[in-house]
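To start, the structure under review is shown below, and the notes come after it.
No lab work stands behind these numbers, since they all come straight from the coordinates. Given the structure is predicted, the values throughout are model-derived calculations rather than measurements. So basically every Cβ, Gly included, is an ideal-geometry build from the backbone, and we count neighbours across all protein chains shown.
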Amino acid sequence: MSETFFRFPDDFLWGTATAAHHVEGDLTNSWSVWEDAGGHVYQNQRHGRACEWRFGRWQEDADRMVALNNNTHRLSVEWSRIQPAPNAWDEDALGQYSEMIDGLLARGIEPMVSLHHFTNPVWLEEQGGWLNPKTVDHFLKFTEVVLGALGDRVRLWCTFNEPMVYAVQAFLVGFFNPGKRNPWRMYDCAELMLRAHAGAYPIIKGKNPAAQVGVAKHIVAMEGRRRASSTKGWSGCRTASLTRLFWKRW
């Protein structure tokens, strides 16, 4: 193979990624409540409260991105911080995210913004979260507010981080909040997230027609433990079909 085959284009995006709940600290959302309940997180850790990225540490990491020759960074905006109550919007929180965007751009780093990375406001979770069809409307309003604050400077948008990971872990295997184990609720969650993504797309494109909009997709590389026999061919094919549905198509 020629050396050219391995050459990345000059405009290839090399970057890093964070999620608000992982790095910001001082958060009260569906995941912090899940952590506080105990028994759900390894060693009952409280990573949602322990960090302090939003208080200026993000600038240190942004400088490290420059040192690493990164040219992009994906960060999420925390819904619970921006909308702490159904009819309340925190302008200071929006201002902090705006400052982060400006700081990245000033360093030559293109921001990619995720609107949802596994966490929900507590008030939204109490209303049923992603099993309540009204959540789609709440998410679209949230999208409009965020776009109003950041849309003039952000070109790359991720509506959902790993939507099927959230649906499966929260409603099929019960490892994520709210810890349900019901395949039909998993499907309900995935459907509402898909509807929310479809609704957010024109909102983002309406603010910035040049924007690129997608999801952060979780892809699983796997191989069957054994080949399907003639007597189990149907079940094997059905299992493979469901696997592709969960992890490849959405």
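For this structure, a couple of remarks:
- Fraction of alpha-carbon pairs over 25 Å apart in region 1-113 - percent: 35
- Helix-derived mean residue ellipticity, 222 nm - over the chain, DSSP H n ≥ 4, -39500 (n - 2.57), to 500: -13500 deg cm²/dmol
- Tail beyond 25 Å, pair distance distribution of region 73-190 (Cα, percent): 27
- Total charge dipole magnitude, region 11-65, about the Cα centre, Cβ charges on Lys, Arg, Asp, Glu only, Debye to nearest 20: 140
- Ranking ASN69, ALA37, PHE5 by how far each Cα lies toward the positive end of the dipole of region 1-70 (charges on Cβ) leaves ALA37 at the top.
- Rounded if a/c under 1.5, otherwise prolate or oblate - region 121-178, Cα gyration tensor axes: oblate
- Debye-sum result for the chain in log10 I(q)/I(0), which assumes one identical scatterer on each alpha carbon, at q = 0.15 Å⁻¹: -1.14
- Dipole magnitude of the chain, debye to nearest 20 (Cβ charges: Lys/Arg +1, Asp/Glu -1, about Cα centre): 1600
- Cα gyration tensor shape of region 26-88, rounded if a/c is under 1.5, else prolate or oblate by comparing a/b with b/c: oblate
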